[in-house]
Each structure stands twice: as C-alpha cells, then as structure tokens.
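J.: Quick one: this structure, given as structure tokens, is what I'll be asking you about.
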Amino acid sequence: MPKGATSSNPAFKTRLWHRRIGYFLRVLAGRPAGWRAVPTLAAFPPEPDVTPDPRPPVRIFIGAEPGQNRAERVLVWSILKHRDPARAYEVYLMKDLAAFARRYWKTGFTNYRYAIPAFAGGSGRAIYNDADQVYLADPAALFDQPMGDAGVLSIDDRETSVMLLDAARMGEVWPKELALENQAMHREFRSRAAAISGLWGRMPAEWNARDSEYQQGQSKLLHFTALHTQPWKPFPNEFRYSDHAAADVWCDLEAEADAAGFTIFTAARPSPHYQTVLDLHAQMHVDGDAGAGIQPADMFSGVQLPKRAPEISELITAHNAQAVLDYGAGRALPMNQLRAVRMIQRGACCPLGVTA
C-alpha cells in the first residue's frame with residue numbers, strides 16, 4: 001500500500017458537496033426493512049470436462065443493495081472470468097437482509113459483513129467484498145492466502161471492504177446479534193477485533209486497490225471506493241458524479257457480460273427465492289388463499305389481463321408492436337383469454353399474437 005494511503009485517506013471520501021438533497025432526505029427517512037432471511041447463494045460448480053479440485057469451495061460474500069444491481073452483476077462476472085474452472089465457487093449475495101437495524105448505515109449493506117461468521121455456519125474461510133469492486137485475478141488465490149494465527153486479513157486494521165475471514169475465530173468476536181442491533185458503523189466491530197492480539201493480519205495491497213491505488217497489470221482487485229466516482233452512477237438523486245480514472249476497467253467488464261448475455265441466475269441455475277415463489281404459487285393453485293377468502297377455483301383465474309387491455313393497447317400503438325407476449329402465473333382460462341385478445345385487438349393497429 002502506498003505510504004500514507006489508509007482507509008481514512010481523504011482521496012477515498014465522498015464529501016458533503018458531492019451529495020444531493022436526495023441523500024439527506026433518504027438519511028432522514030431511513031431504509032426500508034429487509035425481507036431475506038439469509039444471503040442468496042449463487043453456486044458455480046467445477047466446469048464440465050475438467051478434473052474437480054478437491055479443495056473447499058471458494059466462498060465469497062458480497063454486500064449489496066438494489067441500487068447496486070449493475071455493480072453486483074459485474075463483480076460476479078469478474079469472479080467467473082478469472083476463476084479456476086476446476087474449483088467450486090459459492091457466491092453469497094447479501095442484500096435486503098431481514099432484522100438488521102440499518103437507519104444510519106453509510107450503505108444499505110454496511111454491517112452485513114460482520115454477520116458473515118454466522119452466515120458461514122461458524123466454520124471455514126470466507127471472503128467479503130463490497131459490490132463496488134471487480135476482480136482482476138482469480139479470487140481463489142486470495143481465499144488460499146496463508147493466515148497464520150490471524151482471524152481476519154485486510155489491507156489495514158481499519159479497512160473492512162475486502163476481508164479474508166476465519167469464520168470460527170471471528171464468530172466469537174463478531175456475533176450476529178451485535179451486527180443486527182449495531183448502528184454505529186464499523187467502530188465497535190473494529191475495536192473488538194483490535195482488543196485481541198494477533199487477530200488481525202495484513203492482506204497484500206493488490207487485493208484491494210482503491211481508486212488511485214490501481215496499477216494496471218499489478219492490482220488483483222479494483223475498488224471504486226469514492227461513491228461519487230462510481231462509473232455506473234447508481235444513485236443520481238443522491239450524488240453529484242464525476243469521472244473515475246479507471247472507469248474503462250469496469251465498463252469493459254460490463255460490456256463483456258452484456259455480450260455474453262450473462263445473468264447471475266438462469267433457468268438452469270435459478271435462485272433459491274425463485275423456487276420458493278414457484279412452490280408458493282403451486283400451493284395457492286391447489287389451496288387458494290384462505291386468509292384473503294379466495295377459493296382455489298378463483299385463485300389466479302386470469303381476470304387481470306382484460307382490466308389492463310386499454311393500457312396494453314396504448315403501448316402497442318405507441319411502440320408499433322407486432323406481437324405481445326403475456327407472461328402470467330394464472331390459469332389463463334379460455335374465455336378470459338379470448339376476451340382479453342379481442343379487447344386488445346380492437347385498440348391495436350397491428351397484427352397481434354398473444355401467448356399465455
């Protein structure tokens with residue numbers, strides 16, 4: 001790490017004059033309650049036709065929020081771009097987690113990182129990354145770093161944006177209950193770790209190159225630290241954005257992900273929440289919704305499409321659409337479907353195909 005470059009370096013700070021009124025309004029309003037019980041797992045097994053590496057999966061926990069969806073996707077793409085095809089990787093997306101008191105957090109995920117020992121089951125290693133980072137080398141090389149007697153590695157004892165954790169050791173220092181209740185940002189967690197001699201160890205600086213620390217060909221992870229220079233400009237109502245000197249690194253990775261049609265979850269690799277929702281819909285088709293007084297025969301009966309037909313007709317006309325696809329979770333009863341098609345056709349000026 002360059003001399004004088006610490007986590008408190010002013011070059012990495014977003015100041016008052018970088019913030020818009022929307023930022024202060026959001027702080028006053030607080031953050032909405034989270035709803036996910038646990039981080040969402042995206043599992044990437046060894047690639048086909050290679051001999052699997054028997055070592056433990058590379059576990060990576062990413063702190064994110066809905067406004068950082070683009071950054072989250074590009075970070076995961078960068079992991080897969082540089083991964084060892086023989087190794088298993090487990091990426092845990094920590095976003096909108098329930099029960100955390102988030103009102104005064106700097107981001108929507110600030111203290112999630114301190115619950116990683118619990119989320120990791122209290123054993124094994126785990127990497128933590130903020131969403132505003134990209135890998136330029138295989139994260140397995142960081143995951144396998146010698147830790148000695150340390151419980152956590154980072155580039156300095158105040159910087160927690162990239163960490164390698166021993167979940168068993170850090171679970172005693174950072175219990176999940178403290179992360180749930182604490183609104184004091186990082187201070188208490190740092191002091192608890194600092195109080196134990198030898199608990200913190202130094203991570204090589206190339207694994208967390210923050211903004212101007214980035215060195216092409218040497219840095220293994222680029223961290224877009226200053227919120228007001230993040231190239232994807234996630235919160236235009238909260239910050240006055242300026243250009244980042246290394247923006248092309250991030251933009252090139254996003255272009256690669258776009259060209260590949262990459263998404264974190266796919267039909268072959270759905271998210272756990274997707275399957276939960278499918279199971280819930282299947283159950284409601286059979287049982288209805290007793291709480292809402294809806295009988296099974298009336299559940300998802302397909303009556304919403306006709307109600308939206310005028311709006312759909314306007315969109316068809318405005319965009320000169322040649323076909324309409326209706327993706328629904330209902331029964332698409334024949335009579336309701338036919339009525340919807342006729343209502344839409346009457347307002348459309350183009351051929352129409354409707355698929356339920």
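The values are calculated or read from the model by the stated rules, or taken from the named source; none is laboratory data. Being a predicted model, the structure only gives us computed values, none of them experimental. Neighbour counts run over all protein chains shown; Cβ positions are idealised from the backbone, glycine included.
J.: Filter region 249-279 down to residues that are over 14 Å from Ser78 (Cβ atoms) and out of contact with any helix residue (DSSP H, G or I) (no Cβ under 8 Å at 6 or more places or on another chain), then give me how many there are.
T.: 16
To keep it simple, each residue is scored yes or no on (1) part of a helix (DSSP H, G or I); (2) under 30 Å from Gly22 (Cβ atoms).
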{"site": "Thr225", "(1), (2)": "no, yes"}
{"site": "Asn237", "(1), (2)": "no, yes"}
{"site": "Ala245", "(1), (2)": "no, yes"}
{"site": "Asp252", "(1), (2)": "yes, yes"}
{"site": "Asp258", "(1), (2)": "yes, yes"}
{"site": "His285", "(1), (2)": "yes, no"}
{"site": "Phe300", "(1), (2)": "no, no"}
{"site": "Lys307", "(1), (2)": "yes, no"}
{"site": "Ile316", "(1), (2)": "yes, no"}
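J.: State yes or no: is Trp174 surrounded by 23 or more Cβ atoms within 10 Å (Cβ to Cβ) and touching a residue at least 24 places away in the same chain (Cβ under 8 Å)?
T.: Judged against the criteria, Trp174 is a match.
J.: Can you name the residue in region 83-134 that is β-branched (Val, Ile, Thr) and under 24 Å from Phe235 (Cα atoms) and is also surrounded by the fewest Cβ atoms within 10 Å (Cβ to Cβ) among such residues?
T.: The extreme case among them is Thr107.
J.: While we're on this one: Test Ala257 against the stated conditions and say whether it is over 30 Å from Leu25 (Cα atoms), in contact with a Phe, Trp or Tyr (Cβ under 6 Å, 6 or more places away or on another chain) and surrounded by 14 or more Cβ atoms within 10 Å (Cβ to Cβ). Steps first, answer last, please.
T.: Details: over 30 Å from Leu25 (Cα atoms): yes; in contact with a Phe, Trp or Tyr (Cβ under 6 Å, 6 or more places away or on another chain): yes; surrounded by 14 or more Cβ atoms within 10 Å (Cβ to Cβ): yes.
So Ala257 passes the test.
J.: So is Ala318 of a type in the set (A, V, I, L, M, F, W, C), modelled with pLDDT of 65 or more, more than 26 Å from Gln275 (Cβ to Cβ) and surrounded by fewer than 11 Cβ atoms within 10 Å (Cβ to Cβ) or not?
T.: yes
J.: So, one more: Run Trp77 past the list (1) in contact with a helix residue (DSSP H, G or I) (Cβ under 6 Å, 6 or more places away or on another chain); (2) closer than 15 Å to Val162 by Cα; (3) surrounded by fewer than 23 Cβ atoms within 10 Å (Cβ to Cβ) and report the number of the one that doesn't hold.
T.: Every condition holds for Trp77 apart from (2).
J.: List pairs: first in region 245-266 and touching a residue at least 40 places away in the same chain (Cβ under 8 Å), second in a loop (DSSP other than H, G, I, E, B) and hydroxyl-bearing (Ser, Thr, Tyr), Cβ under 7 Å, 6+ apart or cross-chain?
T.: These pairs meet every condition: Phe265/Ser271.
J.: Among the listed residues Ser161, Ser154, which satisfies the condition of being modelled with pLDDT of 95 or more and within 20 Å of the chain's Cα centre (by Cα)?
T.: Every option except Ser161 fails the conditions.
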